[in-house]
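The values are calculated or read from the model by the stated rules, or taken from the named source; none is laboratory data. Predicted model only: the values in this text are computed from it and were never measured. Backbone-built Cβ (ideal geometry, glycine too); neighbour counts: all protein chains shown.
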Amino acid sequence: MFIVSPSTIWNRNALETRQVPRRIFGRVMLLPRRGFPLRLVWRMAFETQMLRFLGVLAPFVAAMFVWRQSALAIAQAPLLMIVAILYVETNVLRIPKERRAKMIDRAEADRGLDLLQVRGRAILTRIAARRQLASGVLHLVVEQSDMAYITPLTFVSVQSEAEPEVVRLSREEEAMIRRDLFGAPLTERKLLRINLLENVFLRDVALDMRGVSAHARLAALSG
C-alpha cells in the first residue's frame, strides 16, 4: 500500500483534479518521495505499459543475437510478437473475466466491502476530529491495479470535495491509515479478489462532516 498525498510524491501537479474521487491508475505516473515500500519499486515498473511490452519482446531480441542467420525472419514476425504481448497481458498478468466469478464467494465479498466502509469511515472520523472539521465531505479513496498474479499495488488517498483536492496528510495520519485500513479479515489481496470479481478497482468511502456526532469526535480523539 502506498499512501498518496502531496507530501509523499515529487510530482504534486499530478494530483490536481476537478472532481473526486481522483483516479490514478492509467491516468498519471506517480514519483514517490517517501513512504513507498522498497519491495514495491519493481511492482511499480509493471504499471508502465512500455516496460511490460519490452519485457515480453526481450526474448525475440535475444533470439536474433543467438540465431543471427534467422534474425531477419524473427524481426519480420510482428504478428507473433503481438500474440505474445496479448497473451501475457490477458492471461499471465490478469485473470480473464470468465474465471473471476470463482475467485471469492459473493457473501464474503459483500462482508469485505462492508468492513472497508466501516474502517474507512472510522479513519475519516479520526482525521476530521483531529482537524476539527465541521463541514464538507471527505473521501477515503482506495484504488488497486487490476494485475492479479503479482503483488497487489494499492494507492490510498484522502480527498476533499471542498477544492476539490487530494488532502495533504500528516505523518501521524499516514501511520493511522497503514495501521487501521488493512488487516485480517480484509487484506489488500482479498480486496483485489473482490475487485476482480466485480471488475471495480476504485473504492470510495465518503463521510459528511455534518453527520459526525460530538460523541464520535471525542471517541476518535481519545482513540
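Here is a list of conditions, (1) buried (at least 20 other Cβ atoms within 10 Å of the Cβ); (2) charged (D, E, K, R); (3) touching a strand residue (DSSP E or B) at 6+ places or on another chain (Cβ under 8 Å), and R119 meets all of them except one; can you say which number that is? R119 satisfies every listed condition except (1). Evaluated against (1) out of contact with any helix residue (DSSP H, G or I) (no Cβ under 7 Å at 6 or more places or on another chain); (2) at pLDDT below 95; (3) under 16 Å from I24 (Cα atoms); (4) among the hydrophobic types (A, V, I, L, M, F, W, C), L153 falls short on exactly one condition, (1). Exactly one residue out of L196, L192 is assigned to a helix (DSSP H, G or I) and under 11 Å from the mean Cα position of the chain (by Cα), and it is L192.
Being in contact (Cβ under 8 Å) with a residue 24 or more places away in the chain, over 18 Å from F201 (Cα atoms) and outside any loop (DSSP other than H, G, I, E, B) is true of A122.
Taking the listed residues S157, S145, the one that is touching a Lys or Arg at 6+ places or on another chain (Cβ under 8 Å), polar (S, T, N, Q) and surrounded by 18 or more Cβ atoms within 10 Å (Cβ to Cβ) is S157, with no other qualifying. Restricting attention to region 146-185 and to residues that are assigned to a loop (DSSP other than H, G, I, E, B) and of a type in the set (S, T, N, Q), the residue that is farthest from R126 (Cα to Cα) turns out to be T151. Given the options P32, P78, P59, name the one that is under 19 Å from the mean Cα position of the chain (by Cα) and either within 24 Å of L196 (Cβ to Cβ) or of a type outside the set (S, T, N, Q) (or both). Of the residues listed, the single one that is under 19 Å from the mean Cα position of the chain (by Cα) and either within 24 Å of L196 (Cβ to Cβ) or of a type outside the set (S, T, N, Q) (or both) is P32. So R27 clears everything in (1) more than 20 Å from R94 (Cα to Cα); (2) modelled with pLDDT of 85 or more; (3) among the basic types (K, R) except one condition, right? Which one? Every listed condition holds for R27 apart from (1). Applying a threshold of 6 Å to beta carbon distances and a minimum spacing of six or more residues, or different chains, the list of pairs starting in region 199-212 at a residue that is part of a helix (DSSP H, G or I) and ending at one that is surrounded by fewer than 17 Cβ atoms within 10 Å (Cβ to Cβ) and not basic (K, R) reads M209/A134; M209/S135; M209/G136.
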